[in-house]
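In what follows, a single structure is set out as C-alpha cells and then discussed.
Values quoted throughout were computed directly from the atomic coordinates according to the rules given, and no laboratory measurement underlies them. What you see is a predicted model; the values in this text were computed from it and never measured. Positions of Cβ are generated from backbone atoms using ideal geometry, with glycine treated the same way; all protein chains shown enter the neighbour counts.
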Amino acid sequence: MDKDKDREKIDRDERERGVKEQAKAGKEERDKFERDAKEQAAREKAERDKFERDAKEQAAREKAERERADKERERAERERLARDKAERERLEREAKEHAAREKAERERLERAKEQARKEEAIARKKAERERAERERLLKHQAYVGTPTAANTAPLLPLPQCVENVVPSEVSDLIFGTFLCALLVGAVGFFKGRKLRKQQNRAMHRSLSCPALVELKSTRAVKACADMLAAFDERSDGRRSKPAPYVPSMPRVAESAGENSNAWSPRSVGKSTVIAVLEGFAASNNVLLSVVEGKPTAREALVAATPLVVWDAVDEQRGSLKEYVARHLKQLTHELASKKEQEALVSRLLVLCNKSDLQPCPIPELRSLDGVNFV
C-alpha cells in the first residue's frame, strides 16, 4: 500500500511537474510570440516612417523642381518680352530717325528751291539793269555820232565794266538750264518721296507680321519691306477679274471601305458614274439619257456625247484600245454613211474606271492617240 501511494505520489508529482513545465513552455512561447509581434510592429512602423519620410522628401524635391522650372520659365518670358520691347523700341527709333531724315531732306530741298528762286530774281534784276545800260549806251553813241552833237553835246559818262555785260541769249540759256535742273530735281524729289512712303508702308506691314518679329533679325524685316515696296511699285493697283462660277458635281455618298481593295463588285464604278451623272443633270435641269451597256448606233448618233465605261479590273475585256475598237466596229455595222461614222468618232467620250490594281491607266489612254478606228 505504501509503495502504491508512493508511486501515485511520484506520478502525481511528475504530472504536476510536466504540467508546470508545459505551462512554462507555453508562457515562454507566448512571450516569444509577443516579443516577435512587437518587433514586427516596430519594423513596420519604422518602414512606414521611412516611406512617409521618403514621400515627403520626394514631394519636397518635386515642389522645388516645379518652382525652379516656373522661375526659369518666368525668367525666359521676361527676357523674351524685354528683347521684344528692345527690338520694337529700336525699330521705332529707326523709323523716327528715318522720318527725321526725310523731314530734313524735304527742308533742305525747300531751302534749295527758295535759294534758287532768290538767285533767279537777282539774275533777272541784273539782266534788266544790264539791258537798260546797253540801251542807254546805244542812245549815247547814236547821239554823239551826229555833226552838231559832236561840238555842242556834253560828253556823258561811259558805263563802267561794259566788257562784262552778258548777252541776252547767254542769260536765257543759263535760265533755261537752271529751270530744267529745277524740274529734274523736283521730279526726283517727288519720286523719292513716293518711294520712301512705299518703304515706310512696307516696313509697317512687315512689322505687323509676328513671324518676322520673332526672328529677331532686322535684315529679314528690311528684306520683306524691300520685297513689298518692289511689289507695290510694279503693281498697277487694279484688281484681277473674279473667276467665273463653275458648278461643282454633287458629292457621292460612299462607304469607307468601298474602294479599299480590288475585290469590290465590278458594277460599283459604273453605277456610281451613272448615279453621279443623273444627279448632276437633275440638279441643273439637263435632259440626260443613260444606257447601261453598248448603245445602238442610232442612239449614239442622236446623243450629244456617247459614254463608254471601261472597267480596268476586268481582264476579260482586254485593253482599252481593243474595247473601243470592238465598240466602234459594232457601231460601224449599224451606220450607213461614212460621214455619220466620222461624226460619231469625233464625239466619242471614253471614261476609265480607277481601281486598286490599275489606279491611273495612262499607258492605256496613250494607246488611243493617233489611232484611226474608222
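Here are some pairs, Lys113/Lys191; Lys9/Lys32; Lys24/Lys45; Lys96/Lys194; which of them have Cα atoms lying more than 28 Å apart in this structure?
On the way: Lys113/Lys191 17 Å; Lys9/Lys32 34 Å; Lys24/Lys45 31 Å; Lys96/Lys194 18 Å.
Among Lys113/Lys191; Lys9/Lys32; Lys24/Lys45; Lys96/Lys194, the Cα-Cα distance tops 28 Å for Lys9/Lys32; Lys24/Lys45.
Suppose the Debye formula is applied to equal point scatterers at every Cα of the range 11-68; what is log10 I(q)/I(0) at q = 0.14, 0.20, 0.27, 0.29 Å⁻¹? Taken in order of the listed q values, log10 I(q)/I(0) reads -0.62, -0.79, -0.96, -1.00.
Hull volume per residue, based on the alpha-carbon atoms of the range 7-111 and their convex hull, is 29 Å³.
Panel order for Phe51, Phe175, by other beta carbons found within 10 Å of each beta carbon, from fewest to most: Phe51, Phe175.
What GluC sites (Glu not before Pro) in the range 43-149 are in a loop by DSSP, with at most 12 other Cβ atoms within 10 Å of the Cβ? Could the numbers behind the result be given before it?
Numbers: sites: Glu44, Glu47, Glu52, Glu57, Glu62, Glu65, Glu67, Glu72, Glu74, Glu77, Glu79, Glu87, Glu89, Glu92, Glu94, Glu97, Glu102, Glu105, Glu107, Glu110, Glu114, Glu119, Glu120, Glu128, Glu130, Glu133, Glu135; in loops: none.
Taking the range 43-149 and a limit of 12 other Cβ atoms within 10 Å, no loop GluC sites (Glu not before Pro) are found.
Scalar couplings 3J(HN,Hα) for the range 319-328, obtained by applying the Karplus form with A = 6.51, B = -1.76, C = 1.60 to θ = phi - 60°, are 6, 5, 4, 5, 5, 5, 4, 5, 4, 5 Hz; x denotes Gly and Pro.
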